[in-house]
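J.: Please see the structure below; I have some questions.
The values are calculated or read from the model by the stated rules, or taken from the named source; none is laboratory data. Just so we're clear, the structure is a prediction, and the values are computed from it rather than from any experiment. Here the Cβ is made from the backbone with ideal geometry for all residues, glycine too, and neighbour counts use every protein chain on show.
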Amino acid sequence: MAPIVLGFLLLAFSTPTLTQKKIVCYFSSWAVYRTGNGHFDTSFVDPKLCTHLIYAFISAYPNGSVKILDPSNDIKKNGYSKFNNLRLSNPTLKTMVSIGGWISGSKIFSDICNNSTLRAKFVTNLYNFLVQHKFNGLDLDWEYPVLNGGIAADKTNYVSLIKELRAKFAPAGLILSAAVSASVSATSTSYDVPALSANLDFINLMIYDFHGFWDGKTGHNSPLYGASSHNLYADAAVKNWIKLGANKTKLVLGIPLYGRSFTLSNIADTQMGAATSGAGTAGSWSQEAGLLMYSEASVLLSHGTICTSQKSESDWNVVWDATQAVPYAHRNNQWVGYENVISIGIKGQYARDQGLGGVMVWAIDMDDFRDLCGDGKYPLLTNLKTNFTARERPTKY
Ligand SMILES: *[C@@H]1O[C@H](CO)[C@@H](O)[C@H](O)[C@H]1NC(C)=O
Ligand SMILES: *[C@@H]1O[C@H](CO)[C@@H](O)[C@H](O)[C@H]1NC(C)=O
Ligand SMILES: *[C@@H]1O[C@H](CO)[C@@H](O)[C@H](O)[C@H]1NC(C)=O
Ligand SMILES: *[C@@H]1O[C@H](CO)[C@@H](O)[C@H](O)[C@H]1NC(C)=O
């Protein structure tokens, strides 16, 4: 009797609101190949910052087998096992693996899921993969059912896949989540929202890449509130998912730890919506035109609110867009819309005020994890967590 009473008391005195709130962090496993201060591997992860860590990515073969994308890093150099061993430093941490991503495309999953025999094999193979490599769960990142080379039947086939995975996973205590398109038009096309909400443990809303160089004009990667006529902002995405039948405790607000950059057509026109001629110059570590990781942006801009300890000669101009609750910066013909500690704190408060189940970041390896700016390690993730999990509404912003 005594142990039961003690257990009950411990439960009663624990802080469920705090422990149930999810801080979901993706890890882009290829970050190990970034050079210099951009290099990131699992030894840089603070195992207490996130409640769920997700290893990106695995993929699939047409026969429904799991495809390991980087056998050298994932297996030979113990990428998976080092990642899952982070749980030794935090027993409540859950480590998961994500299947898909933009590179895998849609067709491979569309083909597998349109054949019930193949789909059943896929489910068994995924289950065996998680058990073999000791992951706590799976994150589905099919981008996207019906779209990008998929077929109309994907919408129902995706639900079948999710229900079959859940039936296999739940008895074993394995977690099942999905990363989903948050755009209002794609959501209705790709997803049976009530079925996803009922059968997934949580839903990661990918609220990023809402604007980028492909638009031909400046716009923010992840506005909180909107000016956009296409409802491409976080508040519209969240309210749309709730309206379509999602349980808000299952919804996780996805936030980019990177900015989207542009080359301006005319250096005299730097406002939101200004004409652009293409992507911004690639960052020195991520090496991708049109994208700057926070670690790159913060060092580049090292100015004012972005990188407080390195107030410098930087001639970047930082502008706060009050309508969208996000910053952007420009210098000569370069323009970047990104997150700083202020905007991410506001997003954390928003998720808290809306009663969402969690917040998510893409990706942990893009924050200032080395404390190059002197704001402490992981300034964005830390401020997001502080604001999201606060008992009292912080009054800082
Ligand atoms: C599935 O396809 C992959 C890639 O072609 C192959 O290596 C694997 O052996 C196949 N699995 C089965 C069970 O046939
Ligand atoms: C999906 O599967 C159904 C039933 O087997 C089949 O009739 C249909 O042609 C398939 N669709 C595609 C695009 O392969
Ligand atoms: C479905 O997949 C199974 C197993 O790979 C295969 O034998 C069968 O021919 C497929 N069915 C169709 C309609 O393609
Ligand atoms: C939403 O989910 C929570 C926790 O999973 C549950 O307690 C609640 O009953 C659900 N609400 C609805 C309306 O289904």
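J.: As an exercise: evaluate Asp46 against (1) more than 16 Å from ligand 2 (Cβ to nearest atom); (2) assigned to a helix (DSSP H, G or I); (3) surrounded by fewer than 20 Cβ atoms within 10 Å (Cβ to Cβ) and give the number of the one condition it does not meet.
T.: Asp46 satisfies all of (1) more than 16 Å from ligand 2 (Cβ to nearest atom); (2) assigned to a helix (DSSP H, G or I); (3) surrounded by fewer than 20 Cβ atoms within 10 Å (Cβ to Cβ) except (2).
J.: I'd like to verify a number: residues in region 188-208 that are surrounded by fewer than 22 Cβ atoms within 10 Å (Cβ to Cβ) and in a helix (DSSP H, G or I), how many?
T.: Residues that pass the stated criteria total 8.
J.: Kindly provide the set of residues from region 378-397 that are modelled with pLDDT under 95 and of a type in the set (D, E, K, R), ordered by number.
T.: Selection gives Arg391, Glu392, Arg393, Lys396.
J.: Which ones in region 145-160 are hydrophobic (A, V, I, L, M, F, W, C) and either within 16 Å of ligand 3 (Cβ to nearest atom) or closer than 17 Å to Val180 by Cβ (or both)? It would help to see each step written out before you state the result.
T.: Initial filter on region 145-160 (hydrophobic (A, V, I, L, M, F, W, C)): 146-147, 151-153, 159.
If the condition is that a residue be hydrophobic (A, V, I, L, M, F, W, C) and either within 16 Å of ligand 3 (Cβ to nearest atom) or closer than 17 Å to Val180 by Cβ (or both), then Val146, Leu147, Ile151, Ala153, Val159 are the ones that fit.
J.: Here's another thing I want to ask about it. Just checking: which of the strands (runs of 3 or more DSSP E) contained wholly in region 257-300 hold 1 or more residues that are in contact with a Gly (Cβ under 9 Å, 6 or more places away or on another chain) and under 19 Å from Asp368 (Cβ atoms)? Give the derivation first.
T.: Values: elements: 258-264, 276-279, 291-293.
Here the list reads 258-264, 291-293.
J.: Would you pick out the residues in region 222-234 that are under 20 Å from Thr270 (Cα atoms) and crowded, with 24+ Cβ neighbours inside 10 Å?
T.: Ser222, Pro223
J.: Ok, one more. Inside region 235-247, can you point out the residues that are surrounded by fewer than 16 Cβ atoms within 10 Å (Cβ to Cβ) and not in a loop (DSSP other than H, G, I, E, B)?
T.: Selection gives Lys239, Lys243.
J.: Looking at (1) closer than 21 Å to Ser185 by Cα; (2) within 15 Å of ligand 1 (Cβ to nearest atom), which one does Lys155 not meet, given that it meets all the others?
T.: Condition not satisfied by Lys155: (2).
J.: Does at least one position in region 140-149 carry a residue that is surrounded by 21 or more Cβ atoms within 10 Å (Cβ to Cβ) and within 16 Å of ligand 1 (Cβ to nearest atom)?
T.: Scanning region 140-149, I find no residue that is surrounded by 21 or more Cβ atoms within 10 Å (Cβ to Cβ) and within 16 Å of ligand 1 (Cβ to nearest atom), so the answer is no.
J.: Considering (1) within 16 Å of ligand 2 (Cβ to nearest atom); (2) out of contact with any Ser or Thr (no Cβ under 8 Å at 6 or more places or on another chain), say which one Cys113 fails and leave the rest.
T.: Of everything listed in (1) within 16 Å of ligand 2 (Cβ to nearest atom); (2) out of contact with any Ser or Thr (no Cβ under 8 Å at 6 or more places or on another chain), Cys113 misses just condition (2).
J.: Only one of these is touching a Leu at 6+ places or on another chain (Cβ under 8 Å), within 16 Å of ligand 3 (Cβ to nearest atom) and in the same structural domain as Leu200 (by TED's automatic domain parsing): Ile112, Ile108, Ile58. Name it.
T.: On the way: Ile108 fails: touching a Leu at 6+ places or on another chain (Cβ under 8 Å); Ile58 fails: within 16 Å of ligand 3 (Cβ to nearest atom).
Answer to the selection: Ile112.
J.: Right, next: With (1) within 23 Å of Asp367 (Cβ to Cβ); (2) more than 16 Å from ligand 4 (Cβ to nearest atom) as the list, and Thr51 as the residue in question, which single condition is left unmet?
T.: So Thr51 meets the others, but not (2).
J.: Picking from Val123, Val24, which residue would you name as being in contact with a helix residue (DSSP H, G or I) (Cβ under 8 Å, 6 or more places away or on another chain) and in the same structural domain as Asp209 (by TED's automatic domain parsing)?
T.: Working: Val24 fails: in contact with a helix residue (DSSP H, G or I) (Cβ under 8 Å, 6 or more places away or on another chain).
Exactly one of Val123, Val24 is in contact with a helix residue (DSSP H, G or I) (Cβ under 8 Å, 6 or more places away or on another chain) and in the same structural domain as Asp209 (by TED's automatic domain parsing), namely Val123.
J.: Looking at (1) in the same structural domain as Ser185 (by TED's automatic domain parsing); (2) out of contact with any Phe, Trp or Tyr (no Cβ under 7 Å at 6 or more places or on another chain), which is the only condition Asn266 fails?
T.: Among (1) in the same structural domain as Ser185 (by TED's automatic domain parsing); (2) out of contact with any Phe, Trp or Tyr (no Cβ under 7 Å at 6 or more places or on another chain), Asn266 violates only (1).
J.: Could you tell me how many of the residues in region 51-83 are without any contact (Cβ under 8 Å) to a residue 40 or more places away in the chain and at positive phi?
T.: Result for region 51-83: 1.
J.: Another question, if that's okay. In region 335-357, which residue that is of a type in the set (S, T, N, Q) and at pLDDT 95 or above is nearest to ligand 4 (Cβ to nearest atom)? Before you say what the answer is, go through the steps one by one.
T.: Looking only at region 335-357, we keep the residues that are of a type in the set (S, T, N, Q), and these are 340, 343, 349, 354.
Of the ones still in play, those that are also at pLDDT 95 or above are 343, 349, 354.
Working: Ser343: 28, Gln349: 22, Gln354: 14 Å.
By that ranking, first place goes to Gln354.
J.: Right, another one. Check whether at least one residue in region 353-367 is within 22 Å of Arg34 (Cβ to Cβ), out of contact with any strand residue (DSSP E or B) (no Cβ under 7 Å at 6 or more places or on another chain) and assigned to a loop (DSSP other than H, G, I, E, B), and report yes or no.
T.: Residues of region 353-367 within 22 Å of Arg34 (Cβ to Cβ): 360-367.
Add one more test, that the residue is out of contact with any strand residue (DSSP E or B) (no Cβ under 7 Å at 6 or more places or on another chain), and what stays is 367.
Now narrow it down to the ones that are assigned to a loop (DSSP other than H, G, I, E, B): 367.
Within region 353-367, one or more residues are within 22 Å of Arg34 (Cβ to Cβ), out of contact with any strand residue (DSSP E or B) (no Cβ under 7 Å at 6 or more places or on another chain) and assigned to a loop (DSSP other than H, G, I, E, B).
J.: From the list Asn125, Asn115, which residue is within 16 Å of ligand 1 (Cβ to nearest atom), over 24 Å from Met360 (Cα atoms) and without any contact (Cβ under 8 Å) to a residue 40 or more places away in the chain?
T.: Values: Asn125 fails: without any contact (Cβ under 8 Å) to a residue 40 or more places away in the chain.
The unique qualifying residue is Asn115.
J.: Same structure again: Restricting region 82-124 to residues that are β-branched (Val, Ile, Thr) and part of a helix (DSSP H, G or I), which is farthest from ligand 4 (Cβ to nearest atom)? I'd like the intermediate steps shown before the answer.
T.: The initial filter retains those residues of region 82-124 that are β-branched (Val, Ile, Thr), namely 92, 95, 97, 99, 103, 108, 112, 117, 123-124.
Pick out the ones that are also part of a helix (DSSP H, G or I) and you get 108, 112, 117, 123-124.
Working: Ile108: 31, Ile112: 29, Thr117: 33, Val123: 23, Thr124: 27 Å.
Among those that are β-branched (Val, Ile, Thr) and part of a helix (DSSP H, G or I), it is Thr117.
J.: Moving to a separate point now. Can you pull out the residues in region 61-96 that are crowded, with 16+ Cβ neighbours inside 10 Å and either within 16 Å of ligand 2 (Cβ to nearest atom) or at pLDDT below 95 (or both)?
T.: Of everything in region 61-96, just one residue is crowded, with 16+ Cβ neighbours inside 10 Å and either within 16 Å of ligand 2 (Cβ to nearest atom) or at pLDDT below 95 (or both), namely Gly64.
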